[in-house]
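See below for the structure under consideration.
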Amino acid sequence: AASVATSASAASAAAAAASAAAVAGPGSRTDTPSAAVLSNGNALVPLSAIAHFSTSQTAISINHQGTFPAVTASFNLGPGASIGEATQQVDEAVAQLRMPASIVGSFAGTAQVFQQSVASEPILIVAAMLTVYIVLGMLYENLMHPLTILSTLPSAGVGALIALLVTNTQLS
């Protein structure tokens, strides 16, 4: 007689079932599939107590992003639409779905690059203003004159935007 060691893996359980069925020999009941494995105390434990076999359809492969299973949903921009508007609409649609906390959505590709650039934009503006202040301070050899010049930037920016609106010109 053969003995089979107890294992939690499906492959070992399948081997145990085949071995136990072979040990059963002629005259055993074949109308109900049953098999047993030996426990530590040499008592037979039914295989159905530790494993369940069924056939079903499943995916051939599972896509991952990092270490997590992932599903990719792609979109194209419509005529006249911007990537900023599209990402905002996708975020609003995701918020309306009220998905569980275990489902996390993120952008990839061009949309991800756009979001990263928008996130770092305030830092770049502050760095540019600081650089201009330092250069003007060195040019005029004074700490106050650069502030005078930089204080005119907001009104100059508003004037430039009004000029673009009046002439119907895009900011490019």
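The values are calculated or read from the model by the stated rules, or taken from the named source; none is laboratory data. Computed from a predicted structure; not experimentally measured. Positions of Cβ are backbone-derived with ideal geometry, glycine not excepted, and every protein chain shown enters the neighbour counts.
Per-residue answers, yes or no, for (1) at pLDDT 85 or above; (2) hydrophobic (A, V, I, L, M, F, W, C):
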| position | (1), (2) |
| --- | --- |
| Asn42 | no, no |
| Pro46 | no, no |
| Ala49 | no, yes |
| Ala59 | no, yes |
| Ile62 | yes, yes |
| Gln65 | no, no |
Contact list, first residue from the stretch 94-112 and free of Cβ contacts under 8 Å to residues at least 24 places away in the same chain and assigned to a loop (DSSP other than H, G, I, E, B), second anywhere and surrounded by 11 or more Cβ atoms within 10 Å (Cβ to Cβ) and hydroxyl-bearing (Ser, Thr, Tyr), beta-carbon distance below 8 Å, six or more apart or interchain, is Phe107/Thr87
State whether one or more residues within the stretch 56-76 are over 17 Å from the mean Cα position of the chain (by Cα), closer than 16 Å to Phe107 by Cα, assigned to a loop (DSSP other than H, G, I, E, B) and without any contact (Cβ under 8 Å) to a residue 12 or more places away in the chain.
yes
Flag if Gly78 is exposed (fewer than 10 other Cβ atoms within 10 Å of the Cβ), modelled with pLDDT of 85 or more, in the same structural domain as Gln112 (by TED's automatic domain parsing) and not hydrophobic (A, V, I, L, M, F, W, C)
yes
Considering only the stretch 149-158, state which residues are surrounded by fewer than 11 Cβ atoms within 10 Å (Cβ to Cβ) and assigned to a helix (DSSP H, G or I).
Pro154, Ser155, Ala156, Gly157, Val158
Of all residues in the stretch 135-148, how many are in a helix (DSSP H, G or I) and surrounded by 11 or more Cβ atoms within 10 Å (Cβ to Cβ)?
9
Which of the residues spanning the stretch 105-115 are surrounded by 11 or more Cβ atoms within 10 Å (Cβ to Cβ) and not hydroxyl-bearing (Ser, Thr, Tyr)?
Gly105, Phe107, Ala108, Ala111, Gln112, Val113, Phe114, Gln115
